[in-house]
Amino acid sequence: MPAAIRGKLPEVKNKMKKLIVNWMYPDILQLHGDRGNLMALERLAALCGVGMEIRRLEGPEEALPLQDSGFLVFNAGELRCMEILVRALAPRKAELEAFVEKGGVILAIANSGAIFARQTRRIFGNSFEGLGLLDMEMEEREAVYGDDIRFLEEEGGLEILGNQIQIVDCHLAAGQAPFGKLLYGYGNDKSGSEGARRKNLIFTNTLGPLLVKNPRLGLELMKQAAVYVGLDARFEPDEAAFRMEDSSAELIRHFINAKPPVS
């Protein structure tokens, strides 16, 4: 069992019959076609015979439904939108922090990490404060970076493959755990770290979409969300179901291994 899903979380009194995933602001956070992450979760739930409902939170004016949710997905979006979303979520910061501390799952991809960072520094325009749930700072780049990415997840040890198209560097403070250790690519800031993690709050630069290319990561996160909401479910699909993803990963790995290191 991966380290990330070991241990017993506080018991949830109201047992759920299905896993509710909140798709956060899909009309705003839609920069790289990452709706595929939600489609990947639907496929995994079907493979495992687990009930799951995806609920769209359409705009920042809507109430944040944390009471019955176990999993929040923030896909990539324009950097200029993040300050608006931070202002909308700031009144709920304490609730979001409690959600994370008790084991709820939040996945923030690419620029959405700015929502949870301490600060984002812009080249032009105002810099802005984030929610500060992750001890890191984002810094806008002068040029877009794009390439493949390959890393090992720090806690679970999974190999993650994808790509990144990046307009912000991420600088982790001392003591802030990364999400992974780079094997190839740029990651946060070419320091060897990729993303950031606080319990089940995960930030990653990885696109792909991430969970389409890495279904076992999707399973890991769904397991943890199920534990959080008290859903008694087994997430053990036939490994043959991932034959296509595994074949793709082998080709990507071979391609990356033939490339020179990122300078």
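Some notes on this structure:
- Which numbered condition residue 89 fails, given (1) assigned to a helix (DSSP H, G or I); (2) touching a residue at least 60 places away in the same chain (Cβ under 8 Å): (2)
- Segment 178-209, residues that are at positive phi and among the small types (Gly, Ala, Ser): 185, 187, 192, 195, 208
- Residue tally, condition in contact with a helix residue (DSSP H, G or I) (Cβ under 9 Å, 6 or more places away or on another chain), surrounded by fewer than 21 Cβ atoms within 10 Å (Cβ to Cβ) and assigned to a loop (DSSP other than H, G, I, E, B), over segment 205-234: 3
- Residue check, residue 60 over 30 Å from residue 144 (Cβ atoms) and open to solvent by 10 Å² or more (accessible area, probe 1.4 Å): no
- From the list 215, 178, 209, the one residue that fits, being within 17 Å of the chain's Cα centre (by Cα), without any contact (Cβ under 8 Å) to a residue 60 or more places away in the chain and over 20 Å from residue 80 (Cα atoms), is 178.
- Beta carbons closer than 9 Å, at least 6 apart along the sequence or on distinct chains, pair a first residue in segment 122-137 that is on the phi < 0 side of the Ramachandran plot with a second that is of a type in the set (Phe, Trp, Tyr) and not in a strand (DSSP E or B) for 130/116; 131/116; 133/116; 134/116; 136/116.
- Here residue 154 fulfils each of the conditions (1) within 18 Å of the chain's Cα centre (by Cα); (2) farther than 24 Å from residue 98 by Cβ; (3) open to solvent by 40 Å² or more (accessible area, probe 1.4 Å) apart from (2).
- Flag for residue 96 being farther than 30 Å from residue 251 by Cα, of a type in the set (A, V, I, L, M) and assigned to a helix (DSSP H, G or I): yes
- Some residue of segment 125-142 being modelled with pLDDT under 95, open to solvent by less than 10 Å² (accessible area, probe 1.4 Å) and over 18 Å from residue 203 (Cα atoms): no
- Within this structure, residue 169 passes the test of being among the acidic types (Asp, Glu) and modelled with pLDDT of 95 or more.
- Every residue from segment 94-120 that is of a type in the set (Lys, Arg) and surrounded by fewer than 15 Cβ atoms within 10 Å (Cβ to Cβ): 102
- When the residues of segment 186-204 are filtered to those that are open to solvent by less than 40 Å² (accessible area, probe 1.4 Å) and among the hydroxyl-bearing types (Ser, Thr, Tyr), the one that is farthest from residue 159 (Cα to Cα) is 186.
- Residue check for residue 230: over 13 Å from the mean Cα position of the chain (by Cα), modelled with pLDDT under 95 and on the phi > 0 side of the Ramachandran plot: yes
The values are calculated or read from the model by the stated rules, or taken from the named source; none is laboratory data. Note that the coordinates shown come from a computational prediction; the quantities given were computed from them, not determined experimentally. Because the Cβ atoms are built from the backbone with ideal geometry, glycine has one as well, and the counts that use them run over all protein chains shown. Note: accessible area is taken over every heavy atom of the protein model, side chains too, but ligands, DNA and RNA are not part of it. Shrake-Rupley method; radii C 1.70, N 1.55, O 1.52, S 1.80 Å.
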